[in-house]
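The values are calculated or read from the model by the stated rules, or taken from the named source; none is laboratory data. Predicted model only: the values in this text are computed from it and were never measured. Every residue, glycine among them, receives a Cβ derived from its backbone with ideal geometry; neighbour counts consider all protein chains shown.
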Amino acid sequence: MFNVNAPYWFDEAPCVGEDELFFSAHPSKRRMAVAMCENVCEHTEECLKFALENEQTVGVWGGKTGPDLVRLSEVLQSVD
(Lines give C-alpha, C1' and ligand atoms only; values in the text may rest on other atoms or scores of the structure.)
Protein backbone atom coordinates (compact mmCIF):
# COMPACT_ATOMS: atom_id res chain seq x y z
CA MET A 1 0.00 0.00 0.00
CA PHE A 2 2.75 2.47 0.88
CA ASN A 3 6.52 2.45 0.71
CA VAL A 4 7.39 3.44 4.26
CA ASN A 5 7.99 1.43 7.38
CA ALA A 6 4.84 0.94 9.39
CA PRO A 7 4.93 2.76 12.73
CA TYR A 8 5.12 0.81 16.00
CA TRP A 9 1.40 1.26 16.76
CA PHE A 10 0.12 0.13 13.37
CA ASP A 11 -0.29 -3.57 14.17
CA GLU A 12 -2.45 -2.84 17.22
CA ALA A 13 -4.69 -0.23 15.57
CA PRO A 14 -8.35 -1.29 15.24
CA CYS A 15 -8.38 -0.37 11.54
CA VAL A 16 -5.97 -3.15 10.57
CA GLY A 17 -7.83 -5.52 8.28
CA GLU A 18 -10.67 -3.05 7.74
CA ASP A 19 -9.62 -1.88 4.27
CA GLU A 20 -13.20 -2.15 2.99
CA LEU A 21 -14.18 0.62 5.43
CA PHE A 22 -11.06 2.77 5.41
CA PHE A 23 -10.55 2.78 1.64
CA SER A 24 -14.16 2.75 0.48
CA ALA A 25 -15.71 5.04 -2.12
CA HIS A 26 -19.01 4.86 -0.23
CA PRO A 27 -19.66 7.83 2.10
CA SER A 28 -21.47 5.67 4.66
CA LYS A 29 -18.46 3.37 5.00
CA ARG A 30 -16.09 6.32 5.29
CA ARG A 31 -18.29 7.73 8.08
CA MET A 32 -18.06 4.37 9.87
CA ALA A 33 -14.27 4.48 9.52
CA VAL A 34 -14.11 8.03 10.91
CA ALA A 35 -16.33 6.96 13.81
CA MET A 36 -14.00 4.04 14.53
CA CYS A 37 -11.06 6.45 14.62
CA GLU A 38 -12.85 8.85 16.92
CA ASN A 39 -14.42 6.31 19.28
CA VAL A 40 -12.16 3.25 19.38
CA CYS A 41 -8.63 4.06 18.27
CA GLU A 42 -5.96 5.18 20.71
CA HIS A 43 -3.62 6.24 17.89
CA THR A 44 -5.67 8.84 16.02
CA GLU A 45 -3.17 11.66 16.48
CA GLU A 46 -0.17 9.52 15.52
CA CYS A 47 -2.08 8.19 12.51
CA LEU A 48 -2.98 11.67 11.29
CA LYS A 49 0.62 12.81 11.71
CA PHE A 50 1.84 9.70 9.87
CA ALA A 51 -0.57 10.33 6.98
CA LEU A 52 0.43 13.97 6.60
CA GLU A 53 4.17 13.27 6.84
CA ASN A 54 3.91 10.48 4.25
CA GLU A 55 1.46 12.24 1.92
CA GLN A 56 -1.27 9.64 2.38
CA THR A 57 -4.38 11.19 0.85
CA VAL A 58 -6.37 8.09 -0.05
CA GLY A 59 -8.54 6.51 2.60
CA VAL A 60 -9.31 7.49 6.16
CA TRP A 61 -6.29 8.29 8.35
CA GLY A 62 -6.45 9.72 11.84
CA GLY A 63 -10.18 10.31 11.56
CA LYS A 64 -9.82 12.37 8.37
CA THR A 65 -10.97 11.44 4.86
CA GLY A 66 -8.81 11.81 1.76
CA PRO A 67 -10.22 15.26 0.90
CA ASP A 68 -9.71 16.37 4.52
CA LEU A 69 -6.10 15.21 4.35
CA VAL A 70 -5.50 17.09 1.10
CA ARG A 71 -6.89 20.30 2.63
CA LEU A 72 -4.85 19.89 5.81
CA SER A 73 -1.72 19.23 3.79
CA GLU A 74 -2.31 22.35 1.69
CA VAL A 75 -2.82 24.46 4.80
CA LEU A 76 0.32 23.10 6.42
CA GLN A 77 2.34 23.73 3.25
CA SER A 78 1.11 27.32 3.04
CA VAL A 79 2.22 27.93 6.65
CA ASP A 80 5.75 26.69 5.97
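Tabulated data
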read-out	value
Some residue of the range 61-78 being surrounded by fewer than 17 Cβ atoms within 10 Å (Cβ to Cβ), polar (S, T, N, Q) and at pLDDT 95 or above	no
The listed residue being free of Cβ contacts under 8 Å to residues at least 60 places away in the same chain, within 11 Å of the chain's Cα centre (by Cα) and assigned to a helix (DSSP H, G or I), out of 55, 46, 20	46
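Residue-wise test of (1) of a type in the set (A, V, I, L, M, F, W, C); (2) under 23 Å from residue 75 (Cβ atoms).
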residue: 13; (1), (2): yes, no
residue: 20; (1), (2): no, no
residue: 24; (1), (2): no, no
residue: 29; (1), (2): no, no
residue: 32; (1), (2): yes, no
residue: 43; (1), (2): no, yes
residue: 58; (1), (2): yes, yes
residue: 63; (1), (2): no, yes
